[in-house]
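Single-structure report; data block below.
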Amino acid sequence: MADQELLARYAPTIDSPETKEAYLLDGELYIRHEFRDPAELQTRMTYHRVGEDNVVSNDNLVMLGVWARAQKQGEQVK
C-alpha cells in the first residue's frame, strides 16, 4: 500500500485531469501525462518522473523503458 505521506505530497499531480496513469516506485511518482497541443490541436502523451516540486515539465521526461519498469514494478495510484 502506498505511503500516505507520498500520496499527500503528490495529490495535486495525481488529481490533475491531464494525469492519466500514475505509479509509485522507490518513493518517486511516474505519470503518463496527456494534453492537447495548442499548436497542432492534437493530443500528446508524455511520460514523467515527478520530483518533490510537483512540476510536470520537459525537464523530467523519462524514456519508455523507465516508464515500463514503473508500470511493471511500481504501485498504481491512478
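All other residues whose Cβ lies under 14 angstrom from that of ARG44 are scored, Lys and Arg at +1 and Asp and Glu at -1, for a net of -1. In the context of the full set of protein chains, residues of the stretch 16-68 present 62 Å² of accessible surface per residue (probe radius 1.4 Å, heavy atoms only).
Please list ARG49, ARG9 from largest to smallest accessible area, probe radius 1.4 Å, with all protein chains kept in place.
Working: ARG49 105, ARG9 75 Å².
From most exposed to least exposed: ARG49, ARG9.
For the stretch 16-68, which whole percent of the accessible surface, found with a 1.4 angstrom probe, sits on carbon and sulfur atoms?
Working: 1610 of 3280 Å².
Carbon and sulfur: 49 percent of the exposed surface of the stretch 16-68.
Measuring spread by the Cα atoms of the stretch 16-68 yields a radius of gyration and Dmax of 11.2, 36 Å. Modelled this way, with points 7 Å down the Cα-to-C-beta line, the labels at LYS78 and MET63 are 2.6 nm from one another. Counting Lys +1, Arg +1, Asp -1, Glu -1, what net charge surrounds GLU34 among other residues with beta carbon under 9 Å of its beta carbon? It works out to a net charge of +3.
The values are calculated or read from the model by the stated rules, or taken from the named source; none is laboratory data. Note that the coordinates shown come from a computational prediction; the quantities given were computed from them, not determined experimentally. Here the Cβ is made from the backbone with ideal geometry for all residues, glycine too, and neighbour counts use every protein chain on show. Note: areas computed on protein heavy atoms with side chains; ligands, DNA, RNA excluded. Shrake-Rupley method; radii C 1.70, N 1.55, O 1.52, S 1.80 Å.
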